[in-house]
1. So which chymotrypsin sites (Phe, Trp or Tyr not before Pro) in the stretch 45-128 pass both tests, a DSSP loop state and at most 14 other Cβ atoms within 10 Å of the Cβ?
2. From the Cα gyration tensor of the stretch 57-126, with a ≥ b ≥ c the square roots of its eigenvalues, which class applies: rounded if a/c is under 1.5, or else prolate if a/b is larger than b/c, or else oblate?
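Readers should treat all values here as calculations from the given coordinates under stated rules, not as data from a laboratory. Given the structure is predicted, the values throughout are model-derived calculations rather than measurements. Note that each Cβ is placed from the backbone with ideal geometry, even for glycine, and that neighbours are counted across all protein chains shown.
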Amino acid sequence: MSSVPNETGARTCGRCGRTTKARDGVPPRYCATCGQALGAWPGRVRHRFAPPARVPGSAVAALALGFCAFIPFIGLPLGFFALALRGSAKQQIRRSGGQLGGSGIANLGVSLAVLGLVMQLMWYRVGC
């Protein structure tokens, strides 16, 4: 399907196949159904809104365990699990080829885990 305007100025969307009519003799720039850019740059897909990036579950788990690292007694092993999950999340994100996001979430989780581990070790050393 072509997005070149026909004699009436209407354009057909290459993604959904709907024909959008011209208004006041001006060809449409975007498809009225799916929002695909019509004929602006051939071969280049432009969206009005970028879809949200998916986040691997291990990144979210690293963040949750990073928060749990502040809990006395059980925070020490949970902090180490957060460190391991961060590595798993970063590996998944790297291998996805841009399909997955969330490296910031994994980094925040490991930062919280390290801070929690330091606090736990200080707490054990003081003996509170």
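1. Working: sites: Phe49, Phe67, Phe70, Phe73, Phe80, Phe81, Trp123, Tyr124; in loops: Phe49, Phe70, Phe73.
In loop regions of the stretch 45-128 (DSSP not H, G, I, E or B), the sparsely surrounded chymotrypsin sites (Phe, Trp or Tyr not before Pro) are Phe49, Phe73.
2. Working: a/c = 3.23, a/b = 3.09, b/c = 1.04.
Here the stretch 57-126 falls in the prolate category.
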